[in-house]
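The values are calculated or read from the model by the stated rules, or taken from the named source; none is laboratory data. Note that the structure is a prediction, hence the values are computed from the model and not measured. Neighbour counts run over all protein chains shown; Cβ positions are idealised from the backbone, glycine included. For accessibility, only protein heavy atoms count, side chains too; no ligands or nucleic acids. Shrake-Rupley method; radii C 1.70, N 1.55, O 1.52, S 1.80 Å.
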Amino acid sequence: ASGFRVLQRFGQFAVRHADGQVEARPTVSANAHSSASGVNTIDFNDLFFRYAGATDGFSGTPGYALPTAILLHEMVHGMDQGTYSGSAEFYRLIGFTRAAGDGSLVLATRSTAEESEWARFREEKIRLLTDGQHEAAWKVDRTYAVTILKGRLPTMIAVQNPEEAFAEIGAHLVLDPNARTQIESSVIDYFNDAVSGRLP
C-alpha cells in the first residue's frame, strides 16, 4: 500500500541515541518505514517470528494468525501515513483529546473504574514483556481491550496514539470476522466512508 512493497528482516531491534550510541533491545519489532531516499519498507526483526503459530481467541476458531495481524497493521500504516488518523473527526470518534500541559494526544478514559483497569493492564503487560513473554503480553492486550474498552478499540496497542488506533482498527476490520459487531458503528461508518476500497 502506498509504495510499501519491500519487506526487510533484521536480527534485532536497536535505537540510536542522540550521542550516536546504538542500543540493542530485546523487543519484537515491526515497522512501516519511509527512508529519506523515498524507499518505503516494512521492517521486522527476528523476535517477530516467535509469534509463528499464535492465534487470536476473540476472532473465532482457530482465529486469525498474529503474524498476519501485525503485517496487516503495518500495511495500514503505509496506506494511512497520517492522512486519516490525523483528522479531527477520527480523534473525536475514538476519543483522543489534547492533554493539559504538553498538548499531546491521549485517549480519554470514560470512568475512574476504566482508568484503574488501564493502570492494572499496563503493569501486567510490562511484567510479561520484561519476562520475555511476548505472546502472553499480546493476549493480555487483546483481552483487556475486548473486556474493558468493549468495542471502542480492538487492542490496547491502539490507545497509544491515533496512528496506532487507525492501524489496529483497519487490520481488524479486514481480519477479524467479529470486528464489525464489536467495534462501534460510528467508527465502522468512518472507515466505510473515508477508507472504502483502500484497505489492503
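Around the Cα centre of the stretch 1-154, unit charges on the Cβ atoms of Lys, Arg, Asp and Glu (plus for the first two, minus for the last two) sum to a dipole of about 220 debye. Lys150 contributes an accessible area of around 140 Å² to the protein surface, as traced by a 1.4 Å probe with all chains present.
Descending by average beta-carbon neighbour count within 10 Å, the peptides 153-163, 42-52 line up as 153-163, 42-52, the highest first.
Solvent-accessible surface of the stretch 6-156, averaged per residue with a 1.4 angstrom probe and all protein chains in place: 54 square angstrom. What the Cα convex hull of the chain gives, in volume per residue, is 143 Å³. Each residue, Glu117 and Asp19, gets one label point 7 Å from its Cα in the Cβ direction; the gap between the two is 4.3 nm.
With all protein chains in place and a 1.4 Å probe, the accessible surface of the stretch 17-150 carries 54 percent carbon and sulfur. Against the empirical curve 2.2 N^0.38 Å, the C-alpha radius of gyration of the stretch 114-169 lands at a ratio of 1.07.
Measuring nothing but alpha carbons in the stretch 24-125 and taking Rh as the Kirkwood radius, the Rg to Rh ratio lands at 1.02. Once the Cβ-Cβ distance of Ala194 and Thr68 is raised to the sixth power relative to R0 = 25 Å, the FRET efficiency obtained is 0.55. Taking one quarter of the surface of the C-alpha convex hull of the stretch 93-200 gives a mean projected area of 7.7 nm².
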